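Okay, structure first, notes after.
Just so it is clear, none of the values below were taken in a lab; they were calculated from the coordinates. Fair warning: this is a prediction, and the values are worked out from it, not measured in the lab. Because the Cβ atoms are built from the backbone with ideal geometry, glycine has one as well, and the counts that use them run over all protein chains shown.
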């Protein structure tokens, strides 16, 4: 008799994504490079909303019962945002099926392994690049010889030896998720808070091959592309070709996300950028700090004058959505120097200012400042800074709340008319104006989550009218305009009796996967 061939996989690639909209690029790289093992490999993505017990049960059901002498492998992608849930998942899998082989990979388990519970529980760990090393390990586990080391340094192959992963995106991915793509890996800069500082350089994929893969995705219907290149505008020839590629395929639903080096924007790129309509381009631009002493301390090279000029040009001359990052808690950064940097950035009129609290990512050189600057970090992921020599713990907590409230009121674009009223309460500093409101809102509500648009409308009205003494009619008109434009349909206390007088305008979202970006557009920028 012929042996029975099981239709169940012997290898499962798995990770826990933050949200469904995020499709794992790492898993798809692994799957694309499995070679002769691809037929017996399955991929499963879950979200953090799923209970670890449910995920464990689904994975074990997929693998089926383990036969005597059989090998079953689960490759688990571990990141800073999912390490706690991944550890619990691993514990459940091992309790239910001790013979299951668990292989860990990802940035969270590529450095400082000795003190990690998840590493102790796992069978093997691949540090660094896994595109080639994971398939090799699976072949050894299935066919021998058995590996002798638990921790396996990932082989960094030339990019031409890596199979591109884009064929592993499903039709459902193309229709409902952001597609992560990369034209290059690595980063030549040395910013000490970032894992990419360990790369020393950047490597580019063959551009003809990459664009051919993008053409296939585009022809299949893909319209949402998120480039994860750390420095998209590093090599202008490549950047220009990519932008031109998409310009020639411009549609009303095309959405492109790029990370830009802030102080490098040659005319050649500007000529291409201005040709994109509103809603098509989003630039994530890491300014991080305007403090030159802090920049020098963390090995960050940035020309602040050029950065300002480029941001000012992008805001005024292009229709790109600008998402600009600042980091609070860098060694030596005081509250006042951060406030000055925030005000400087706010004056440049970026659509969103994302305030991040410094995280001590495993393996990053930022740790060399811990002693001199009394940097205290949370021991649990995501390892955010708790206090520094010049920042008390209560100050860090205040800015965490500030960041959350800023995201709800400013970055959300739900309070475009009302926000200026808030920020004018301190004519010298938008930062301090909003910090005062943030402290007030915390005292009033005691929470930073579960704050509905209606609760925020009422809170802002109370603050501006009762605490700041603004005319109620002026505040109500601003809030009414914002509330109706946002598309909300409830009845905040501050607007009772007013909503029925003004029908809500019908706002067409810019892109189905980018509704917030659409709210930032000016009325005359609405997509056709």
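Relative to the present Cα-Cα distance, how much length would full extension add between residue 115 and residue 51 at 0.36 nm per residue of separation?
Additional length available on full extension: 20.5 nm.
Once label points are set 7 Å from the Cα along Cα→Cβ at both residue 44 and residue 161, what is their separation, rounded to one decimal in nm?
Distance between label points: 3.2 nm.
When Rg is the radius of gyration of the Cα atoms in region 313-362 and Rh is its Kirkwood radius, what does Rg/Rh come to?
Computed over Cα atoms, the ratio is 1.05.
Using only Cα atoms, locate the centre of region 389-446 and the centre of region 148-200, then give the distance between them in Å, rounded to an integer.
36
Would you kindly compute the Cα radius of gyration of region 153-268 and its largest Cα-Cα separation (Dmax), both in Å?
Rg and Dmax of region 153-268, Cα atoms, are 14.8, 45 Å.
Using helices alone, what [θ] at 222 nm do you get for the chain, with -39,500 (n - 2.57) per DSSP H run of 4 or more residues, divided over all residues and rounded to the nearest 500?
Only helices count here, giving -10500 deg cm²/dmol.
Using a Förster distance of 45 Å, how high is the FRET efficiency between residue 466 and residue 309, based on the Cβ-Cβ distance and rounded to 0.05?
0.60
Please report the relative contact order for the chain, taking Cα pairs under 8 Å with a sequence separation of at least 6, and give it as a percent rounded to a whole number.
10
Taking N as the number of residues in region 169-391, what is its alpha-carbon radius of gyration divided by 2.2 N^0.38 Å?
Compared with the compact-globule rule of thumb, region 169-391 sits at 1.08.
Expressed in nm², what is the orientationally averaged projection area of the convex hull enclosing the Cα positions of region 1-113?
Taking a quarter of the hull surface, the average projection is 7.9 nm².
Can you sort 465, 138, 194 by how many other beta carbons sit within 10 Å, fewest first?
The order, fewest Cβ neighbours first, is 465, 194, 138.
With Cα Rg over 2.2 N^0.38 Å as the read-out, I listed (1) 0.99; (2) 1.05; (3) 0.93; which label goes with the value calculated from this structure?
Recomputing Cα Rg over 2.2 N^0.38 Å here gives the entry labelled (2).
Run the quick spin-label model on residue 146 and residue 393: label points 7 Å from Cα toward the beta carbon, then report their separation in nm to one decimal.
Distance between the two pseudo-spin positions: 4.8 nm.
Of the beta bridges DSSP finds with both residues in the chain, what % are antiparallel, to the nearest 5?
The antiparallel proportion sits near 15 percent.
Evaluate E = 1/(1 + (r/R0)^6) for residue 267 and residue 378, where r is the Cβ-Cβ distance and R0 equals 35 Å; express this FRET efficiency to the nearest 0.05.
E(calc), rounded to 0.05, equals 0.20.
Going by how many other beta carbons lie within 10 Å of each one, how would you line up 486, 452, 133, fewest first?
Arranged by neighbour count, lowest to highest, 486, 452, 133 become 452, 486, 133.
Would you list 383, 463 from fewest to most Cβ contacts within 10 Å?
383, 463
Label points 7 Å out from Cα along the Cβ direction at residue 428 and residue 301: separation in nm?
Between residue 428 and residue 301, the label points sit 3.7 nm apart.
Rounded, prolate or oblate: which one fits region 348-426, using the alpha carbon gyration tensor with axes a ≥ b ≥ c (rounded when a/c is under 1.5, else prolate when a/b beats b/c, else oblate)?
prolate
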